[in-house]
Amino acid sequence: MDERKSFSPRPRKKVLVSNDFREVLISQDTSIIEQRTITIILSSIKEEQSLFISVKSPVNSADHIQLTFDDYFEGWANQGTVDFEIPLKVLNPNRIMKNLTIKSALINMTNINWLQLKDSSINGYQAVPFIIKPRWNKRNLYFKMDNAVLKHLLNMSHYFPLKKDLPYQVSSSNTLRFLMWILKFKKFGGLSMEYTQILKQFAISKDKYEGRSRFERDFLQSIKADLDSFNDLSFNYAYHEGKYTFSIYDTAKSVGISEKFISLNDLQMDRSIKYLKRKRNLSETDIRVLRKLFEVKGYKELSSRLKNRIDPSLDGDNYIKAVFILLEKLP
């Protein structure tokens, strides 16, 4: 009789990230497909995680005994790994991601340097892969996980809820990493840190961005737009005398009369307009017309209608006229 422990995804609104594993997510430069895989794994083991969450009660029960790792894994004697089965339609809905991208992500997660765990035998650390022996067919992915790694995901002395759908909605793989990082300062309402130190937190080289303004445009603004649009917590930031100050807020309560809410739609719209201004040699009048069209139609709908459908030689007023003609023809 096969008594191997096997996990598969469960429908969840949120998953739980242990404090130990949060540090891994911050330090690892994971891709979006890897982040999806991680949230699927966490959704699969949430019941097991809940066994290690101490429930605070006004009444101390003498009958209540908190489960230990040794108790939990005793039933898995002589079993060094657990199995996961992930339907491709869960990992890759609408087949947006290419199979090659998924394959590369899985192989990367089997890299022995993906995770570092404490090794008591040498009073140090050992490098281990996050998953082992990935396999796949047209419907499912299969892989194994070492019990030592699973224990890392079950250390729930401190944990943080994460929206399961976030890796399916964000525009940047940095969003999840930054969220996990800034959550460390939630109880303080935010933090102040030097620009160079922030780069160090995420292992970003000093020459990655051409100055602070490019860092804000390509890193902070896209992350903020993602969190404003899709998460219940986001942040504001300000720069003064070499330091960034971040304040954390609840997005459901954040939009006031005097506060500008930067949505993902706004950010994508601005980037498209800047690109078209340069490529199509648009005047300020052309830009105002195009911006109004984006505001009315929305970035997603308008960009999908215009993509590769207008003669690349048209520019300026002729481009704007071609946009109107195209929109009139389309349903």
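The values are calculated or read from the model by the stated rules, or taken from the named source; none is laboratory data. For clarity, every value in this text was computed on a predicted model and none was experimentally measured. No Cβ is skipped: glycine too gets one built from the backbone with ideal geometry, and neighbour counts run over all protein chains shown. Only protein heavy atoms, including side chains, enter the accessible area calculation; ligands, DNA and RNA are left aside. Shrake-Rupley method; radii C 1.70, N 1.55, O 1.52, S 1.80 Å.
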If one compares the long axis through the Cα atoms of helix 264-279 with the longest principal axis of the Cα atoms of the chain, the angle in degrees, nearest 10, works out at 50
Heavy-atom accessible area order for 307, 103, 184, largest first, 1.4 Å probe:
307, 103, 184
Over the Cα atoms of the chain, compute the convex hull volume and normalise it per residue, giving Å³.
217
Among the listed pairs 5/103; 98/144; 187/243; 13/151; 138/208, give every one whose C-alpha distance is greater than 27 Å.
138/208
Gain in span if fully extended, residue 90 to residue 104, counting 0.36 nm per residue against the direct Cα distance:
3.3 nm
Provide the descending list of Cα extents for the range 87-192 along its principal axes, expressed in whole angstroms.
45, 39, 21
With every protein chain present, what is the per residue accessible area of the chain (1.4 Å probe, Å²)?
59
Sites removed, the longest contiguous part of the chain containing no DSSP-loop GluC sites (Glu not before Pro) with at most 16 other Cβ within 10 Å is 4-209
Highest-fluctuation residue, 166, 16, 276 considered, GNM on the chain with Cα pairs under 10 Å
276
Paired Rg and Dmax values of the range 264-329, which use every Cα atom, in angstrom
10.8, 30
What list of ³J(HN,Hα) couplings, whole Hz, do you get for the range 105-118 from phi and the Karplus terms 6.51, -1.76, 1.60, once you set θ to phi - 60° and write x for glycine and proline?
5, 5, 4, 4, 6, 8, 5, 5, 8, 5, 9, 10, 10, 5
Quick one: if you stick a label point 7 Å off each Cα along the C-beta vector at residue 308 and residue 113, how many nm between them?
3.7
Give or take rounding to whole Å, what are the principal axis extents of the alpha carbon atoms in the range 173-253, in descending order?
36, 24, 19
Can you figure out the FRET efficiency of residue 19 with residue 251, using R₀ = 35 Å and their beta-carbon distance, to the nearest 0.05?
0.90
Cut-off 10 angstrom, C-alpha nodes, Gaussian network model of the chain. Which of 181, 136, 114 fluctuates the most?
136
